[in-house]
1. For Lys154, work out the one condition from (1) in a helix (DSSP H, G or I); (2) out of contact with any Ser or Thr (no Cβ under 8 Å at 6 or more places or on another chain); (3) among the charged types (D, E, K, R) it doesn't fulfil.
2. If you take the residues of segment 12-29 that are small (Gly, Ala, Ser) and open to solvent by less than 10 Å² (accessible area, probe 1.4 Å), which of them is farthest from Val119 (Cα to Cα)?
3. All but one of (1) surrounded by fewer than 17 Cβ atoms within 10 Å (Cβ to Cβ); (2) acidic (Asp, Glu); (3) within 14 Å of ligand 1 (Cβ to nearest atom); (4) without any contact (Cβ under 8 Å) to a residue 40 or more places away in the chain hold for Asp153; state the number of the condition that does not hold.
4. Considering only segment 104-153, how many residues are over 30 Å from Leu194 (Cβ atoms) and either over 19 Å from the mean Cα position of the chain (by Cα) or not basic (Lys, Arg) (or both)?
5. List pairs: first in segment 1-19 and within 16 Å of ligand 2 (Cβ to nearest atom), second in a helix (DSSP H, G or I) and small (Gly, Ala, Ser), Cβ under 6 Å, 6+ apart or cross-chain?
6. Filter segment 122-161 for residues that are in contact with a helix residue (DSSP H, G or I) (Cβ under 8 Å, 6 or more places away or on another chain), basic (Lys, Arg), within 15 Å of ligand 2 (Cβ to nearest atom) and under 22 Å from Leu174 (Cα atoms) and give the result.
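The values are calculated or read from the model by the stated rules, or taken from the named source; none is laboratory data. This structure is a prediction, so every number in the text was calculated from the model and none was measured. Cβ placement follows ideal geometry from the backbone for every residue including glycine, while neighbour counts extend to all protein chains displayed. Accessible surface is based on the protein model in full, side chains and every heavy atom, while ligands, DNA and RNA are left aside. Shrake-Rupley method; radii C 1.70, N 1.55, O 1.52, S 1.80 Å.
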Amino acid sequence: MKLILLGAPGAGKGTVAKQLTQLDGSVQISTGDILRGAVQAGSDLGKQAKAFMDRGDLVPDELIMGIMEKRLQDPDCKQGFLLDGFPRTIPQAEDLKKLLVKLGIKLDMAVNIDVPRNVILDRLSTRRTCSNSKCQAIYNVKSMPPKKEGICDKCGSPVVQREDETEAAISHRLDTYNKKTAPLIGFYEKEGMLITVNATSSEAVIAAIKKKLAA
Ligand code: ADP
Ligand code: ZN
């Protein structure tokens, strides 16, 4: 399947994407994971992106499009992909549309995961992420803690709170989402590609996606 996952930070895009990869071998493409990996590796891309990310601001569109143009041509995308955290602005959505035409790729749909703001705030402040850039498993201190406190179940690395998950950065990320990313809902609606799922469990979101794909 070839999907765009839309939704505020903390809506569960990453969790849904990871679960969908199990279904048919589609790959998860998270621009946030790619960027955090680049920051840890200290690459040029990471150096350019870090300050924006720490403030909870978006990384410039050109950097993101450079990443995605390459990534979408990797052979593992042939089977399908789940775009998690991209596109994030109208210019990115417009560029993606052109890029997909150029690559001869057709998307199935854009899924808007709509979660109430109080649930989002609670989730983000209790979210913890594996610090190993190759793993980046997600935990939650309340609902899904690692088996051993502070240690990733999958790879044994420390599980930490992200630098952009302080209260100030979270509220800034949500404002950025409302201003820059929420307009994509209308964009994909006009394209006739949008489904909106009001669901707070990843299972319910996945069930809605499966139903739509089968229709
Ligand atoms: P979340 O969805 O939880 O906010 P992500 O892991 O998707 O977090 O992104 C973390 C940060 O990486 C964002 O706050 C932003 O700085 C940057 N980023 C990720 N994807 C994009 C994108 N498509 N365009 C611009 N910046 C991005
Ligand atoms: Zn890990």
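1. Here Lys154 clears every test but (1).
2. Narrowing segment 12-29 to residues small (Gly, Ala, Ser): 12, 14, 17, 25-26.
Going one step further and asking which of them are open to solvent by less than 10 Å² (accessible area, probe 1.4 Å), we end up with 17, 26.
Numbers: Ala17: 19, Ser26: 28 Å.
Residue satisfying both the conditions and the ranking: Ser26.
3. (3)
4. Going residue by residue through segment 104-153, those that are over 30 Å from Leu194 (Cβ atoms) are 128, 130-135, 139, 141-142, 145-153.
Still in the running and either over 19 Å from the mean Cα position of the chain (by Cα) or not basic (Lys, Arg) (or both): 130-133, 135, 139, 141-142, 145-153.
Of the residues in segment 104-153, 17 are over 30 Å from Leu194 (Cβ atoms) and either over 19 Å from the mean Cα position of the chain (by Cα) or not basic (Lys, Arg) (or both).
5. Pairs found: Thr15/Ser202.
6. Arg127
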